[in-house]
Amino acid sequence: MAKIIKQGRSKEETAQNDAQVSEKVSQIIKSIEKDGDTAVRSLSEEFDRWSPASFLLSKEEIERIISGVDEKTIEDIKFAQKQVRGFAEEQLKSMKDIEVETLPGVILGHRNIPVNSVGCYVPGGRYPMVASAHMSVLTAKVAGVKRVIACTPPNQGEIPAETIAAMHFAGADEIYLLGGVQAMAAMAIGTETIQPVDMLVGPGNAFVAEAKRQLYGRVGIDLFAGPTEILIIADETADAEMTACDILGQAEHGPTSPGALITTSESLAHETLKEIERQLETLPTAEVARQAWEENGMILIVENEEEALIEADRLAYEHVEVLTKNPDYFLNNMTNYGALFLGPETNVAYGDKVIGTNHTLPTKGAARYTGGLWVGKFLKTCTYQKVTAEASAVIGEYAGRLCQIENFAGHAEQALLRVRRYGKQLESNF
C-alpha cells in the first residue's frame, strides 16, 4: 500500500475556490452578452489597464512590433515552430478519409473536415507563454482551419512583442491584444467588432479555464485545461537534484499547480524534500513555487513498479516524467496521462516549449478520457452513405422491421417507401 510522505490541499478546499471563480466568470460572460464591445473595453481597463482605439492589431502594427524583437529570438521561435509543424503534419497524415462498400451497393465513408474558425488564447501576465501560439495557432493552420484568430493580454499595459511575433509566424489571421475571460467570451459570443468563432483552444489561468467550461456548447473547445500538473515516477536510479528541479519547474506556473513524486525509494523521497527546500533558496520564482509545493505537493512511496503504475493512473496527471531503470514499462502499460517524458534526458520544458509535441494537455483527471490538443481536435470526422436501388430495397426491409420494433412508424415508412419503389423498379428490369 502506498505510503504518503506529503500531500496537498483537500478536495473540499479546492472546490470552494472553484465555486468563487465560477460565479465571477458567469457575471463577466453575461455582461459581454448584454453590452458587447462596451463591456469588453471596461473589463480590459479594469484587469489589464488597456483600452486602445482597437484591440485588433493592424498589419502595420504587427510589422512594427516584430521589428523590435531580437533577431535571435525570432530564429528560436521559428525553430520551435518548425518542430511543432513537422510533428503536426505527421499526425495529420495518420488521419485518413475512408470509403468502403460494406454490402453490395452500400457505400459508407467518412471525411475529416476542419472546423471553419478557431479562437486561440495565448496566456500572458507573469509568464507570457510564447509557445502557446505555436501549439494552438500553428496546429489549427496545419489542420486546415480557414480563419484562426488569436488573443493575448498586454503585460501591465505593455505589448508582449515576442508573443505577437509567434502568433504572426504561426499564421494567425487576426491578432487581438485582449486577455482573460473577456477575450474568451468575445471570441465565443462575438461583439460589434469581433466575429465569433466555432471553437476555442488554449491554456490559461483558473478564470480562463472556467470561461471555456461555461462557453462550451455554444462553441467547441479543445479540453478543460486547469492549473498545470507534474508527476515524477522514480526509482533508486533517479537523483534528488533532478526530481526537485523538475517539480519546481512546473510549480512556478502558479500557486495552484500540483507537483507529485511517486517512488519506490524511501531515501529518494526524503532527499527530494530536502533538495526542494535547498533549491527554493535560490530559485528566482521561489515565492510562487513554494506556495504551489506547500499547498499542492505530494510524495508517495510504493512497493514496486506495479503499485507505482496503479497510483499514477489514479492521479491521471498532465505531465508524467519517468525516471526509472525501465521507462518503457510505463509507456507500454500506463493509460491515464497527458504526455509522457521517458528517461532523464527529456523533461517537461522540452514538451512545453520546443520539441514538437503539443503542450495543451488535460488536467484535473481529464487524462482518464482525453488526450491533449493536436490536429485531430480541429477536425470533424463526418460520415456519409450512398446506396444503389437494389441495395436500398434489401436494406429497407431490415430497416422497416427494426423501426417497427421501436414503434417508429414514420421511420419505418421511410424504409418501406424505398422497398416499394425500388423493389418494383428492379422487378421491371427483368
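The values are calculated or read from the model by the stated rules, or taken from the named source; none is laboratory data. Source: prediction; values computed, not measured. Note that we place each Cβ from the backbone using ideal geometry, even for glycine, and neighbour counts take in every protein chain shown. When the accessible area is computed, the model is the full protein with side chains, heavy atoms only, and any ligands, DNA or RNA have been set aside. Shrake-Rupley method; radii C 1.70, N 1.55, O 1.52, S 1.80 Å.
Summary table below
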{"quantity": "List Trp374, Trp50, ordered by accessible area with a 1.4 Å probe, largest first", "calculated": "Trp374, Trp50"}
{"quantity": "Net charge contributed by nearby residues that have their C-beta within less than 9 Å of Ala150 (K/R +1, D/E -1)", "calculated": "-2"}
{"quantity": "Rounded accessible area of Ser67 (nearest 10 Å², 1.4 Å probe)", "calculated": "90"}
{"quantity": "Cα gyration tensor shape for segment 50-104, rounded if a/c is under 1.5, else prolate or oblate", "calculated": "oblate"}
{"quantity": "Alpha carbon convex hull of the chain, volume per residue in cubic angstrom", "calculated": "202"}
{"quantity": "Positive-pole candidate from Ile149, Val25, Gly180, dipole of the chain, charges at beta carbon", "calculated": "Ile149"}
{"quantity": "Quotient of C-alpha Rg and 2.2 N^0.38 Å, computed over segment 208-288", "calculated": "1.40"}
{"quantity": "Three-way shape label, segment 297-408, alpha-carbon gyration tensor, a/c 1.5", "calculated": "prolate"}
{"quantity": "Computed over segment 20-71, Kirkwood Rh from alpha-carbon pairs, angstrom", "calculated": "13.2"}
{"quantity": "11 Å beta-carbon shell around Tyr329, net charge (K/R +1, D/E -1)", "calculated": "-3"}
{"quantity": "Neighbourhood charge, 14 Å Cβ-Cβ cut-off, centred on Ala186 and excluding it, Lys, Arg +1 and Asp, Glu -1", "calculated": "-1"}
{"quantity": "Computed over segment 105-260, the ratio Rg/Rh where both radii use C-alpha atoms and Rh is Kirkwood", "calculated": "1.07"}
